[in-house]
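Please read the structure below before turning to the comments.
The values are calculated or read from the model by the stated rules, or taken from the named source; none is laboratory data. What you see is a predicted model, and the numbers here were worked out from it, not measured in a lab. Counting neighbours? That spans all protein chains shown, and the Cβs are built from the backbone with ideal geometry, glycine included. Protein only, heavy atoms only, side chains kept; ligands, DNA and RNA dropped before computing areas. Shrake-Rupley method; radii C 1.70, N 1.55, O 1.52, S 1.80 Å.
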Amino acid sequence: MRWSRRPLLAAGADLALVLLAWWLAFWLRFNLDVPDDFAQLALRASPWCALAYAVALQATGVWRHVWSYTGLPELRQLVLGIGVGAAATAAVVLALRLPFFPRSVLLLQPILALVLLGAVRAGWRTLAERRLGGGGRRLLVVGSLQDAADALRALKGSQQWLPVGIVSPLASEVGRSIQNVPVLATLDSLGKASASADAQTALVASPPGSPERRAALLGASDAGVTLLTMPRPDAWLKADSAGPRKVELEDLLGRAPVALDIAGLADLLSGQTVLVTGAGGSIGSELCRQIARFGAAKLVCVDVSEYAIYQLEQELRASHAQMQGVYYTANVREPQRLAAIAQLHRPAVVFHAAAYKHVPLMEQLNEVEALRTNVAGTLHAARVAGECGARRFVMISTDKAVNPTNVMGASKRLAEMLVQAVASRYPQTRFVSVRFGNVLGSSGSVVPLFTAQIARGGPVTVTHPDIVRFFMTIPEAAQLVLQAGLMGESGQIFVLDMGEPVKIVDLARMLIRLSGHTEQEIPITFSGLRPGEKLYEELLADDETTLPTPHPKLRIARSGGSLPDADAVVAWIEAAGPAPGPLALRAWLQSQVPEYAPR
């Protein structure tokens, strides 16, 4: 241990208190009047007592503690140190064979030493907390006593926040207190509690996605209270994640952190060359970030958008300078270009995220583009992965591929089937597809649209009051895609656990409340279902069954039926020309995907 001025002062104070306890033990043993002979005994043994305690407190780590942060672990260590010191002192006294030494002193002294050393530490911590925590903005904590206790511990010593009350979802907890902070009210009285405590900010301590969070959002919005939450544990290491932050939509939907097979993914990706198509998109760019974190030696990024690939290049060059990044503006619809890139870099793993995903746009005027990119582009990427000897190929699919009612969904289902067909031709490569629903904040999702409409003052347009969708966060989706790529056997289709479906109108209401407005200020209007749009999405087709996997958020879908002829599919798309008739296109698509039922 490196000694500096403060530890030396603390050690000196401890030894002074140990000797004070030594003399107090004699004083109490002799009813406040120590005979001269025994005073000489005490004096003769006191240096040995001090030495024994010095060795014990140093050996047990007591002198490494910072008094301002003394808690139960430090007090337990102090008890151990004093116990060892008392035993050592007793051994020395017995070894010296001091005549008529009062044995009761050996019992009294450690008790007094523990009281004195513990009291000094507790007093020092109390003074430090008063000095540091006396100011700050007044804050309510929303959650049960158990949830609030964790939040209050995190806020200990904060100069920015001063917890003044707890608002609990449990009526039985009202009137109780924890760490001197009282439970003022239940959630339905958040506004009154805010007014009585003179606190215009509330920290939600309840778990993500809990009903308490949504109830708190409604109450806070009505009362004009700013709502905050603590960052999730997996975000604590980020520089911008320290301390409370504003509640976001992800907190209300409650997607738990993903448990990953870190060792397996490191073995799959670390030191490898990885190719990502659609690398500039929402999912593709997050895949690139996650792959870079797992230590890929070379990351080959392919995207048709020059601006998207430029943005990704700037980000990855800054955050992962040690990784070799290669950035191509290329189209998966061009097999020769894709093959040239793959043959040059020989990727071990290929993630295929390039696709057209916007249902209404692909349903009218652009149907053939969905086939060229989602179907032919996927086939080209899969074949290229097999030809260059990649170990794994992972295609990003969608919940809209299940019993599709629109061209986009049907094109993705056909792409899944083509990946399965290609798998038999390249046995050295594992071909896997991964289905999931909407991702929050992705390009083309409703969240950026609603946010922009709220910023303009409304109205927020929802297609139907009963329309529901599955949602997950972009990082969660990317992590589960990686995990599926690691686990999957060739030809398998993985289905991600999307949790409970969310009503889009509820999503709109939450976003309005998060923006600090009410539905009276920002109205919601209903525009009607768009072409090809369903009220709900499914993650599995009717004729499919699912099998569990070792990962709780991944299941395997098994589908029957014959697989399409890949060459015939490409030939039809190429022969269709730039503007095939929409009825003929849908009829052909239905012949390839029997479950496709256009509306």
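Side notes on the structure shown:
- Segment 297-324, subset more than 26 Å from the chain's Cα centre (by Cα) and in a strand (DSSP E or B), residue surrounded by the fewest Cβ atoms within 10 Å (Cβ to Cβ): 324
- Boolean, residue 363 is more than 26 Å from residue 488 (Cα to Cα), buried (at least 22 other Cβ atoms within 10 Å of the Cβ) and either under 36 Å from the mean Cα position of the chain (by Cα) or hydroxyl-bearing (Ser, Thr, Tyr) (or both): yes
- Set 152, 140, 184: member being in contact with a strand residue (DSSP E or B) (Cβ under 7 Å, 6 or more places away or on another chain), part of a strand (DSSP E or B) and open to solvent by less than 30 Å² (accessible area, probe 1.4 Å): 140
- Selection count where residues are open to solvent by less than 30 Å² (accessible area, probe 1.4 Å), among the polar types (S, T, N, Q) and either more than 49 Å from the chain's Cα centre (by Cα) or under 19 Å from residue 95 (Cβ atoms) (or both), scope segment 33-65: 1
- Test for residue 357: is it closer than 25 Å to residue 480 by Cβ, at pLDDT 95 or above, open to solvent by 10 Å² or more (accessible area, probe 1.4 Å) and of a type in the set (D, E, K, R): no
- Residues in segment 548-573 that are part of a helix (DSSP H, G or I) and touching a helix residue (DSSP H, G or I) at 6+ places or on another chain (Cβ under 8 Å): 566, 569, 570, 572, 573.
- Qualifying residue in segment 401-412 (condition: at positive phi and among the polar types (S, T, N, Q)): yes
- Flag for residue 484 being over 18 Å from residue 353 (Cβ atoms), buried (at least 22 other Cβ atoms within 10 Å of the Cβ) and of a type in the set (Gly, Ala, Ser): no
- Number of the condition not met by residue 336 [criteria: (1) open to solvent by 40 Å² or more (accessible area, probe 1.4 Å); (2) closer than 19 Å to residue 374 by Cα; (3) outside any helix (DSSP H, G or I); (4) not hydrophobic (A, V, I, L, M, F, W, C)]: (3)
- Looking only at segment 74-108, and only at residues there that are farther than 22 Å from residue 12 by Cα and either within 45 Å of the chain's Cα centre (by Cα) or charged (D, E, K, R) (or both), the one that is surrounded by the fewest Cβ atoms within 10 Å (Cβ to Cβ): 97
- Of the set (1) assigned to a helix (DSSP H, G or I); (2) aliphatic (A, V, I, L, M); (3) surrounded by 16 or more Cβ atoms within 10 Å (Cβ to Cβ); (4) touching a helix residue (DSSP H, G or I) at 6+ places or on another chain (Cβ under 8 Å), all apply to residue 162 but (1).
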